[in-house]
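Student: Structure below; questions to follow.
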Amino acid sequence: MSEMLRSIVIAGGGTAGWMTAAALARFCGKGWRITLVESEEIGTVGVGEATIPMIRNFNQALGIDEAQFLRETQGTYKLGIEFAGWGGFDDRYIHAFGLVGRGLGLLPFHHYWLRARAAGRAGPLGDYVLNAVAAYGNRFAHVQRAPDSALPPMPYAYHFDAGLYAAFLRRYAEARGVVRVEGKIAQVERDGTSGDVAALMLTGGERIDGALFVDCTGFRGLLIEGALATGYEDWSHWLPCDRAVAVPCASVRPLTPYTRSTARTAGWQWRIPLQHRTGNGHVFCSRHISEDEATATLLANLDGEALAEPRLLRFTTGKRKQFWNRNVVAIGLASGFIEPLESTSIHLIQTGINRLLDFLPSGPVASADRDAFNRLADFEIERIRDFVILHYTANGRTGEPFWDALRTMALPEPLANRIAMFRSDGRIVREHDELFDVPGWLQVMVGQGVLPERWHPLADQLDDAQLDQFLSTVATAFARDAARMPAHDDFVARFVATPQSQPQEVTRL
């Protein structure tokens, strides 16, 4: 990329903008001009207070100390997501990170569990998932296994204050040369010959030019849509929720190491425990419940006193028809939106940044590169979309119009095929590098009552005594491991007080 072209302008701050700025500052090195334009007068949505384990890769790549990060973002740990009232009004299960049981021979664990369950000889699936056992015991530790251990690791993610995280990354990025410009974007100037974006004109008359632009302006998509009219693919026929109302409340103890999603009459409510408060929100469909009713439902189901006025968000689930159009790359809400049921908002920001770095142009943007970028982004978000749809179509909340319609809706073909395959013989096939792997699909389908008629025939090679011993060994080992971990509250309190120079606290199992 020539000296003239080594200029990247990020439009918008918030989580998406400052994650992008921090990553570019870390990896682009000298010779690049990175500018971020944002306005203090324009609020941010603040998505993504709950995350999935890949966020650790992002923080580690930036060289961020975990204890400092948790202190400055008021963070806690997360081992999975509990779903209450989805499979049935009184049902609950947890989609925990990590492996389900452990494989035996050629087969994954769940085929043996399915056989034992059919004979009435198995416990709930969560008894065989280390993260689920630890989560429901309110336990947490940084687990270190012996190199020859047959037992699994314990992956984890975080809950944190998204506003504090953006501020933390702003300090990181500015210390590494990112220039922040305060101002509202009044106009997007395009090149008269190429049609590319040439500059951002601010309300005060300042002109910010660049070669590559990253749109982090949220739902508005000021560049990708407002200037380039890229188009939007609407998925509301599969995911009809179109509103969310959010409010923080006073923190309560214990600090549970998991997010909670509770199904409501026309949507669902999230609960995200932080050190200083609990984040809450109600995602709902405005065709089935009014905004006032949805807000009242949320406020009636808080753990503690509300700490702010409820904030309403309106959205349409879907994605841009191109994530990279001309010389504009959309990241975060500007690229599309899937409700945060599986905490994928920040992950999609992260993978968008990864792709941007992978395809960072060394000269004029090649159409083949843009096409590959968009193809990969489409595959990722469509598979995440299907996973979220699964929760809705597999619901067991009979007698409620919102939920009844979702159980019988026509599904995207890949999802319909995946459910049919699992119902038939318990098989789950992960395609390419899609985000959710076999344990994730398994826990949600089983948790919401999608159960196979059969299991893999090789699971029949164990006799009943061997099968019982195998399952008992796994469950006992996980219960023992969890019992040796400290309480999550205690771990967080000790760990955030650790000076950056000291090694992390580790539990060897």
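Only the coordinates and a few stated rules stand behind these numbers; no lab work does. In this text, all values refer to a predicted model and were calculated from it rather than measured experimentally. Positions of Cβ are generated from backbone atoms using ideal geometry, with glycine treated the same way; all protein chains shown enter the neighbour counts.
Student: In what order do R26, R484 fall by count of nearby beta-carbon atoms within 10 Å, going from fewest to most? Don't skip to the answer; put the middle values down first.
Tutor: On the way: R26 16, R484 12.
The fewest-first ordering by Cβ neighbours comes to R484, R26.
Student: Another question, then. In whole percent, what relative contact order does the chain give with Cα contacts below 8 Å and a gap of six or more residues? Before the final figure, lay out the partial values.
Tutor: Values: 966 pairs, mean separation 118.0, N = 509.
Once divided by the residue count of the chain, the mean separation gives 23 percent.
Student: Still on this model: Which order do S362, S472, S7 fall in if you start with the one that has the fewest other Cβ atoms within 10 Å?
Tutor: Numbers: S362 9, S472 12, S7 17.
Ordered from fewest to most neighbouring Cβ atoms within 10 Å, S362, S472, S7 come out as S362, S472, S7.
Student: Please give the FRET efficiency for A150 paired with E453, using the beta carbon to beta carbon distance and R0 = 30 Å, rounded to the nearest 0.05. Write out the running numbers ahead of the final one.
Tutor: Numbers: r = 30 Å, r/R0 = 1.02.
Between A150 and E453 the formula returns 0.50.
Student: Neighbouring Cβ atoms within 10 Å as the yardstick, rank R407, R260, R56 fewest first.
Tutor: Numbers: R407 13, R260 20, R56 17.
Sorted ascending by nearby Cβ count, the order is R407, R56, R260.
Student: Still on this model: Considering the dipole of the chain built from charges on the beta carbon (Lys and Arg +1, Asp and Glu -1) around the Cα centre, which of I185, G204, L442 is farthest to its positive end?
Tutor: Going by the charge dipole, the pick is L442.
Student: Taking every DSSP beta bridge that has both residues in the chain, what percent is antiparallel when rounded to the nearest 5? Write out the running numbers ahead of the final one.
Tutor: Details: 50 of 72 bridges.
Expressed as a percentage, antiparallel bridges in the chain total about 70.
Student: Report the charge-dipole magnitude of the chain in Debye, nearest 20, computed about the Cα centre from +1 at each Lys and Arg Cβ and -1 at each Asp and Glu Cβ.
Tutor: Numbers: 51 positive and 58 negative charges, 130 e Å.
Roughly 620 debye, rounded to the nearest 20.
Student: Taking Cα extents along the principal axes in Å straight from the coordinates, which label in (i) 73, 55, 39; (ii) 75, 50, 49; (iii) 77, 54, 49 is the correct one?
Tutor: Correct label, based on the coordinates given: (iii).
Student: Could you size up the charge dipole of region 243-314 around its Cα centre, putting +1 on the beta carbon of Lys and Arg and -1 on that of Asp and Glu, and report it in debye to the nearest 20?
Tutor: Values: 9 positive and 6 negative charges, 57 e Å.
Here the size comes out at about 280 debye.
Student: Nearest 20 debye, what's the magnitude of the dipole of region 299-400 about its Cα centre given +1 on Lys and Arg Cβ and -1 on Asp and Glu Cβ? Before the final figure, lay out each step's value.
Tutor: Numbers: 12 positive and 13 negative charges, 100 e Å.
Around 480 debye, computed over region 299-400.
Student: Given 5 Å bins starting at zero, what is the percent of C-alpha pairs of region 274-329 in each, up to the one with the largest pair distance?
Tutor: Percent of Cα pairs in each bin: 4, 13, 21, 15, 12, 10, 9, 9, 5, 1.
Student: Right, here's the next one. Which of W403, V496, H432 sits farthest toward the positive end of the charge dipole of region 382-509, with +1 on the Cβ of Lys and Arg and -1 on the Cβ of Asp and Glu?
Tutor: Of the listed residues, the answer is V496.
Student: Right, another one. Which whole-number value in Å³ per residue fits the convex hull of the alpha carbons of region 74-168? All intermediate terms of the calculation are to be shown ahead of the outcome.
Tutor: Details: hull volume 14.7 nm³, N = 95.
Each residue corresponds to 154 Å³ of Cα convex hull volume.
Student: For F379 and K184 in the same chain, what is the full-extension length gain: residue separation times 0.36 nm, less their Cα-Cα distance, in nm?
Tutor: On the way: separation 195, 0.36 × 195 = 70.20 nm, distance 3.36 nm.
Extending this stretch completely gives an extra 66.8 nm.
Student: Then there's this: If you take all C-alpha pairs in region 359-509, what percent of them are over 18 Å apart?
Tutor: On the way: 8484 of 11325 pairs.
Everything past 18 Å amounts to 75 percent.
Student: Work out how much length A167 to L357 would gain on full extension: take 0.36 nm times their residue separation and subtract the Cα-Cα distance, in nm to one decimal. Walk me through the numbers before you get to the answer.
Tutor: Working: separation 190, 0.36 × 190 = 68.40 nm, distance 2.23 nm.
So the chain would gain 66.2 nm between A167 and L357.
Student: Assuming R0 = 25 Å, what is the FRET efficiency of R480 and E505, from their Cβ-Cβ distance, to the nearest 0.05? Walk me through the numbers on the way to the answer.
Tutor: Details: r = 20 Å, r/R0 = 0.79.
About 0.80, to the nearest 0.05.
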